[in-house]
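S.K.: Here's a structure for you.
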Amino acid sequence: MAVVKIVLFFLWVVVLPILIGSFWSAKSYRDPGSLFLAYFYGVFIEFTLFEFLAIPMVFLRCSLRLLSFVWMAVSLLCAALSLYKARSQTAPAERPYHKQALMKKLTSLRKRLTPLLGVVLLCVSLQTACVTFGQHIDDDDAFYVATAVTAVETDTLMEYNPYTGNLYQNIPTRYVLSSWPLYLAALSTLCAGLHPTLIAHLLLPGPIVLFAYLIYALIAGELFAGDQHRQDLFLLFVVLILSFSGFSVYSSGVFLFTRGWQGKALVAAVIQPALFFQCWRAMKDAEGKAAWFHLFCTVTSACMFSSMGVVLSIVPVGVYAIVYSLEKKNWHYLPCSLLACGSAVACGVVYLIL
């Protein structure tokens, strides 16, 4: 039974995002059909769907089971539509599962695997093993992980105080719009009762570390397009910086390696590099409205992770927009960026009202 639960976990966390992002990856101007890009897009679309479903259900006092199965149904529908659209708009020989396309990607992968990249992959593998098997205990788990456990045990959505077990007398305004603990609880429900603590401390940290490095690899591909050596050096540099970032408990590396299952850690370790990548693609005007849609999903995911993500997503996007507007003397980036930050602005307004 434990094996079945773990397989279900990886289906929801790995396979489903790839399926959801397959259509968007097929439209990429630089690497169409990339599984890495499909996973990147799919993860943030999946988070956005969950946030949009969870917030109204919290205020309507719906059950965790209802949220979990509605999110599952919507996600599966999006995955099916994405596969259908990707199939209909892609020539058979270019589809990822086609023999010719698969052989082409395997050949490209063999050429890509250099000794320098091998060192990077070895370091990342060791870091992934450390966060998976070297459990770190953090005091903030008394709220974040306990909120997920409380939701599972009571089949409710943020109705009980995880510290006392009593019903909330007032809405927990600081946390109510950040549904990350409920996401852990929903995964537990959809994985046949896999305990949220095991998800947070054992199964989730490794994929989060890999996902963070996937984002840095995508950034390297944009900054040094066509120069494999510089891309590998960039990744090695990132590995070194994150590995020796213990100078502060608030650095991105410490958040990634010791608190990766907490929402506010994901804002620092995942959202900030993801925002850089998305702003780069959106403001190069290479993918049109699709790039701005994905930037919107990244900002919404920041709001899902933590209330701090509201400000820490609006500010960098605004800075990027101003810089690009001044450089290109084109001010359309400002209204587009404001629309992309619409979910964060809405969350900020609701926080002020509450």
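S.K.: Given +1 on the Cβ of Lys and Arg, -1 on the Cβ of Asp and Glu, and no further charges, what dipole in debye does the chain carry about its Cα centre, rounded to the nearest 20? Walk me through the numbers on the way to the answer.
M.R.: Details: 23 positive and 17 negative charges, 248 e Å.
About 1200 debye.
S.K.: Right, another one. For residue 210 paired with residue 243, estimate the spin-label separation in nm (one decimal), with each label point 7 Å from Cα along the Cα-to-Cβ line.
M.R.: The two pseudo-label positions are separated by 2.0 nm.
S.K.: Whole Å is fine, so just give me how far the alpha carbon centre of the range 284-354 lies from that of the range 1-65.
M.R.: 21
S.K.: How far apart, in nm, are the 7 Å Cα→Cβ label points at residue 330 and residue 81?
M.R.: With each label placed 7 Å out from Cα toward Cβ, I get 2.9 nm.
S.K.: In a shell of Cβ-Cβ distance under 14 Å around residue 216, excluding residue 216 itself, what net charge do Lys and Arg (+1) and Asp and Glu (-1) give?
M.R.: Values: positive: 230; negative: 222, 232.
Here the count lands on -1.
S.K.: Between Rg and the Kirkwood Rh of the range 208-354, both from Cα atoms, what is the Rg to Rh ratio?
M.R.: Numbers: Rg = 15.8 Å, Rh = 16.0 Å.
Reported Rg/Rh, Kirkwood definition of Rh: 0.99.
S.K.: Could you go through the range 311-323 in sequence order and give the Karplus-derived ³J(HN,Hα) for each residue, using 6.51 cos²θ - 1.76 cosθ + 1.60 with θ = phi - 60°, rounded to whole Hz, and x for Gly and Pro?
M.R.: Going residue by residue, I get 6, 6, 10, 5, 4, x, 5, x, 5, 4, 5, 5, 4 Hz, with x marking Gly and Pro.
S.K.: If you take the alpha carbon radius of gyration of the range 260-339 and divide it by 2.2 N^0.38 Å, what ratio comes out, to two decimals?
M.R.: Values: Rg = 12.4 Å, N = 80, 2.2 N^0.38 = 11.6 Å.
Here the Cα radius of gyration is 1.07 times the empirical estimate.
S.K.: Return one number: the angle in degrees, 0 to 90 and rounded to the nearest 10, between the long axis of the Cα atoms of helix 64-88 and the longest principal axis of the Cα atoms of the chain.
M.R.: Between helix and principal axis, roughly 20 degrees.
S.K.: What percent do you get for the relative contact order of the range 5-55 when only Cα pairs under 8 Å and 6+ apart count? Could the numbers behind the result be given before it?
M.R.: On the way: 53 pairs, mean separation 18.1, N = 51.
Relative contact order of the range 5-55: 35 percent.
S.K.: Would you please state which residues of the range 269-284 a label at residue 345 would reach in this model, taking the label point 7 Å out along Cα→Cβ and a backbone N cut-off of under 16 Å?
M.R.: Taking a point 7 Å out along Cα→Cβ of residue 345, no residue of the range 269-284 has its backbone N under 16 Å.
S.K.: How much length is gained on full extension from residue 15 to residue 116, taking 0.36 nm per residue of separation minus their Cα-Cα distance?
M.R.: Details: separation 101, 0.36 × 101 = 36.36 nm, distance 2.87 nm.
That pair, residue 15 and residue 116, stretches by 33.5 nm at full extension.
S.K.: Continuing with this model, one more query. Would you please give the residues with an amide H less than 5 Å from that of residue 160, counting only those at least 5 places away or on a separate chain, with H modeled from the backbone geometry?
M.R.: 168
S.K.: With +1 on each Lys and Arg Cβ and -1 on each Asp and Glu Cβ, how big is the dipole of the range 149-305 about its Cα centre, in debye rounded to the nearest 20? Before the final figure, lay out each step's value.
M.R.: Details: 7 positive and 8 negative charges, 51 e Å.
It comes to approximately 240 debye.
S.K.: Counting only helical runs of four or more DSSP H residues, what would the 222 nm mean residue ellipticity of the chain come to if each run contributes -39,500 (n - 2.57) and the total is spread over all its residues? Intermediate values should be presented prior to the final figure.
M.R.: Numbers: 17 runs with 241 residues, N = 354.
Calculated mean residue ellipticity at 222 nm is -22000 deg cm²/dmol.
S.K.: With every protein chain present, what is the per residue accessible area of the range 175-284 (1.4 Å probe, Å²)?
M.R.: Values: 3500 Å² over 110 residues.
Ligands and nucleic acids excluded, the result is 32 Å² per residue.
S.K.: Around residue 310, under 15 Å between beta carbons, what's the net of Lys plus Arg minus Asp minus Glu among the other residues?
M.R.: Working: positive: 174, 264; negative: 51.
It works out to a net charge of +1.
S.K.: Identify which of the listed values of percent of Cα pairs over 38 Å apart was calculated from the structure shown: [x] 15; [y] 54; [z] 10.
M.R.: Comparing each candidate, only [x] matches the computed number.
S.K.: Please identify which residues in the range 155-193 have an amide N closer than 15 Å to a label point set 7 Å out from the Cα of residue 3, following the Cα→Cβ vector.
M.R.: It comes to no residues whatsoever.
S.K.: Sort 335-342, 44-51 for me by packing, meaning the mean count of neighbouring Cβ atoms within 10 Å per residue, highest on top. Show your work: numbers first, answer last.
M.R.: Numbers: 335-342: 18.2, 44-51: 23.2.
Per-residue Cβ counts within 10 Å, averaged per peptide and sorted highest first, yield 44-51, 335-342.
S.K.: Now a separate question. By how many degrees, between 0 and 90 and to the nearest 10, does the Cα long axis of helix 16-26 differ from the longest principal axis of the chain?
M.R.: 40
S.K.: Between residue 230 and residue 153, how high is the FRET efficiency from 1/(1 + (r/R0)^6) when r is the Cβ-Cβ distance and R₀ = 51 Å? Nearest 0.05. Before the final figure, lay out the partial values.
M.R.: Values: r = 51 Å, r/R0 = 1.00.
It comes out at approximately 0.50.
The values are calculated or read from the model by the stated rules, or taken from the named source; none is laboratory data. This is a predicted model, so every value here is computed, not measured. Counting neighbours? That spans all protein chains shown, and the Cβs are built from the backbone with ideal geometry, glycine included. Ligands, DNA and RNA are excluded from the accessible area calculation, which covers all protein heavy atoms including side chains. Shrake-Rupley method; radii C 1.70, N 1.55, O 1.52, S 1.80 Å.
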